[in-house]
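Working notes, beginning with the structure itself.
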Amino acid sequence: MNHFLDFEKPIAELEGKIKELRHLSGETGVNIVEEVGKLETKVDRLLRQIYAKLSPWQKTQVARHPERPHFSHYLQALVTDFTPLAGDRVFGEDQAVIGGLGRIGERAVMVIGQEKGHDVESRVRHNFGMARPEGYRKAQRLMRMADRFGLPVVTFVDTAGAYPGVGAEERGQAEAIARSIEVGLDLRVPAIAVVIGEGGSGGAIALAAANKVMMLEHSIYSVISPEGCASILWRSGENAKDAAEALKLTAQDLFRLKLIDQIIDEPMGGAHRDPAAAMATVGRAIEAALADLETKSGDELRNLRRDKFIAMGRDLD
């Protein structure tokens, strides 16, 4: 761990002591196994206590953690024989959205995801995961290709939202997002979406009009970011915590509201603490969902998907 969130400071202090003890042991040969074991037990207990009662704002911070695995990591871990497909055949290539053909387990699939990047250079290259119209039109093209060849579509959502720049608006950002949702709803093949970090606004739902929408335990999904909401309602970003509470953006809230279908458990302390385990769990969830959906006909898949989205908000407790 190289980065600790504000509410993780007690854990950071303990892990710092463990590191110091191990360094000291290496220099002096002193046996510190028992002491380190006690500290590690305390770290585990603190992690469980803190992560059992995270607030919506704290979950937002976890979802944005810089060491949380991004789409490119899931590609490497879960997808074999991946062949990237670029361009929207209208304007150009958008590296905020990556897509192509590959295999998850034994199944051939079309994989599409939003990539934020992990350092300054890659974040700029991928535009921080904020797609322009050409990114969504590329996604449409790949979804239609999958539909034509009878391949399931698996999408990974991780974006603060669609890019709001002038150029993007001039090239039809809203229309591109709306068309992506339309194409997603019209597919006659299984469609699965996984929110792996931040699902922001129309930029997220453009890739999440799926038969099964799953969220990682500490991911978020909302119509607007807490900061954006606070700037509109309170004219100040300082109220982002209040906005996060009001938006009901956590996986737990959205599952209760019947807006998503499944919550995928994360390792204790979040996916950033054990990326390999988190990605393996996501892989198993995707394979189980594909196995469930592949028995259904094209018309049934499309009708179930449309009915699900139309029914949202009707049957709340």
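The values are calculated or read from the model by the stated rules, or taken from the named source; none is laboratory data. These numbers come from a predicted model, not from an experiment. Cβ placement follows ideal geometry from the backbone for every residue including glycine, while neighbour counts extend to all protein chains displayed. Ligands, DNA and RNA are stripped out before the accessible areas are found, and what is left, the full protein with its side chains, is counted by its heavy atoms. Shrake-Rupley method; radii C 1.70, N 1.55, O 1.52, S 1.80 Å.
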Between residues in the stretch 116-142 that are over 15 Å from T155 (Cα atoms) and residues that are part of a helix (DSSP H, G or I) and open to solvent by 10 Å² or more (accessible area, probe 1.4 Å), which pairs lie under 6 Å by C-beta distance while being six or more apart or on different chains? G117/R123
Looking at this structure, is A86 open to solvent by 10 Å² or more (accessible area, probe 1.4 Å), of a type in the set (G, A, S) and over 22 Å from L301 (Cα atoms)? yes
Residues of the stretch 209-242 satisfying the condition of being surrounded by 23 or more Cβ atoms within 10 Å (Cβ to Cβ) and hydrophobic (A, V, I, L, M, F, W, C): A209, A210, V213, M214, M215, L216, I220
Subset of the stretch 187-221 that is polar (S, T, N, Q) and modelled with pLDDT of 95 or more - its residue that is farthest from R68 (Cα to Cα): N211
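Take the residues in the stretch 36-62 that are charged (D, E, K, R) and without any contact (Cβ under 8 Å) to a residue 12 or more places away in the chain; name whichever of them is farthest from I196 (Cα to Cα). So that I can check it myself, show each step before the final result.
The initial filter retains those residues of the stretch 36-62 that are charged (D, E, K, R), namely 38, 40, 42, 44-45, 48, 53, 59.
The next check asks that each one be without any contact (Cβ under 8 Å) to a residue 12 or more places away in the chain; those that pass are 38, 45, 53.
Numbers: K38: 33, R45: 25, K53: 20 Å.
It comes out as K38.
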With the structure loaded, tell me whether L247 is surrounded by 13 or more Cβ atoms within 10 Å (Cβ to Cβ), of a type in the set (A, V, I, L, M, F, W, C), touching a strand residue (DSSP E or B) at 6+ places or on another chain (Cβ under 6 Å) and farther than 14 Å from K212 by Cβ or whether it fails that test. yes
Subset of the stretch 106-138 [surrounded by fewer than 19 Cβ atoms within 10 Å (Cβ to Cβ) and over 19 Å from P69 (Cβ atoms)]: E106, R107, A108, V124
Just give me the residues in the stretch 230-255 being charged (D, E, K, R), free of Cβ contacts under 8 Å to residues at least 24 places away in the same chain and in a helix (DSSP H, G or I), in sequence order. E238, D242
Filter result (open to solvent by less than 10 Å² (accessible area, probe 1.4 Å) and either in contact with a Cys (Cβ under 6 Å, 6 or more places away or on another chain) or closer than 12 Å to A178 by Cα (or both)) within the stretch 196-207: G203, A204, A206, L207
If I ask for residues that are in contact with a strand residue (DSSP E or B) (Cβ under 9 Å, 6 or more places away or on another chain) and not polar (S, T, N, Q), which ones from the stretch 37-61 would you list? L54, P56, K59
Being under 27 Å from A146 (Cβ atoms), in a helix (DSSP H, G or I) and under 18 Å from the mean Cα position of the chain (by Cα): is that true of R302 here? no
Pick from the stretch 147-165 the residues that are at pLDDT below 95 and open to solvent by 30 Å² or more (accessible area, probe 1.4 Å): which of them is farthest from E300 (Cα to Cα)? P164
